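A short write-up of the structure that comes next.
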């Protein structure tokens, strides 16, 4: 028996049945992704579970003390309180207990020595035990830990919530959800407004808690690392797949191939039946056969191809020749008021580079890409393109780049060469704009549709330098994968910003990290960058511990020494784990190289052994990463003790 049973939930809007007798169980520590095409009802289902929306029929049965917290995709604004006070409201769950505790203590004070107080004392003891076993008395440390993980500074805690932008408002909401520590966490696109560091932290945090978690997300790697089941919602029905998202995707592709074949065969049968009906409709001798076939058509359940499994179909045109030094930046400086983003910053981008620009939100990533795309706008310094370099720029805010009064076809026609006009409808079809879609006004397009249209506009021109600011925003997982494959085959140079780990891991060959200190280059792929970043963070924690002042008088000197010794042991183990993880990643690279050799992939026995070895190493990495995360939690708690 699970902690929450969803039974026969149905909901319709007018004639459209969004959910049709949906049933499933949320067990203790359930971890699953909810997937399906846009508009299929994923968010609606989460709102029904959290009691925000009432279904037309069906029921939700919860075990005693089961609580639910829901994080929507957007549109949460906090204003009146400081960040700390707002997030502390996550602990309001304990206020009735505290009120009852205070009432019991007052009652016990009024009772005389001869009066029976056993019942009150037992209840008071139970409440105290409940509070002690919770995070209530440790809430200050817990709040600081979660806020830091989500990218807030210590100084931010005293800032008014109204001063934070929309993306940071959603981080505040996420912090509250995590601190509420409900039995079931419903997270609708939780990584939408998170940078890489915060996504890594959230991934590890979710892996370390025992709550049940349901996630809607377009971040494939995040899902792979946080869920072990996938529920697909399609045509109002829910279907369960065991395994992470990649396992679901593989199984669904196999099913889709069969489904497409069945669909084609069914369409042929429909065509034959329709032709028979039209030919003999008015012949009395065939009336019974005609009516029989009409009834047969009416009863046949039409096979449908899931819309979210349709993919883009494109590749970038061959780029014109470019020199080895594609872009040279010298002594770049840029400030906004008192905020200095870059100062005397110089670097080069070489032909064929896949340079990823990473860093926390607000570190200057978008500003840098705008400067590089425009070649001007800096306070000081120069940005110089090599001879014959043709630049294509995908802006994070793409809506202002379109004319809202244009149709989709008109918008593309304005960017196309005359020679391209005959093939525009075909290109639009490859980008999932088919039928009446091409006559839609740009003003009514969704975020995903706008992203696809912006990519198509870039595709129409032969370019040898692509500057892409969050190109995967609003794209579903399949579309992201097609874009990734196209960029991997592209012969030009790419500078890009992305918070999508799967995209970064499979594309970046160099990474520029914009942190609190000087910009830093990592000459290697994402795995190397992530390892170095976690190593640096561990080193920072070690430094912080060493710089702490002597413990306050309430902690004995002996106890403080014991804590310091334990911290040193954890630090040493953490460093060893990081080295082990790095070696394991190197081992995976070797195995994958062997798997690519014809002598191995053509031999079933050899490839089976290589896959088994790879799975074993990946399992060891996951175990080491989990242990490393637990150590960081322990280090955090121990260092707080010394405060």
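The values are calculated or read from the model by the stated rules, or taken from the named source; none is laboratory data. Please read all numbers here as calculations on a predicted model, not as lab measurements. Counting neighbours? That spans all protein chains shown, and the Cβs are built from the backbone with ideal geometry, glycine included.
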Taking strands (runs of 3 or more DSSP E) that fall entirely within region 429-542, which contain at least 2 residues that are surrounded by 21 or more Cβ atoms within 10 Å (Cβ to Cβ)? 465-469, 493-497, 510-514
Those residues of region 144-165 which are under 17 Å from the mean Cα position of the chain (by Cα) and closer than 11 Å to residue 193 by Cβ amount to 150, 151
Being surrounded by 13 or more Cβ atoms within 10 Å (Cβ to Cβ), touching a helix residue (DSSP H, G or I) at 6+ places or on another chain (Cβ under 8 Å) and not in a helix (DSSP H, G or I) narrows it down to one residue among 206, 233; which is it? 233
Quickly run through region 384-413 and pick out the residues that are at pLDDT 85 or above, loosely packed, with under 14 Cβ neighbours inside 10 Å and outside any loop (DSSP other than H, G, I, E, B). 384
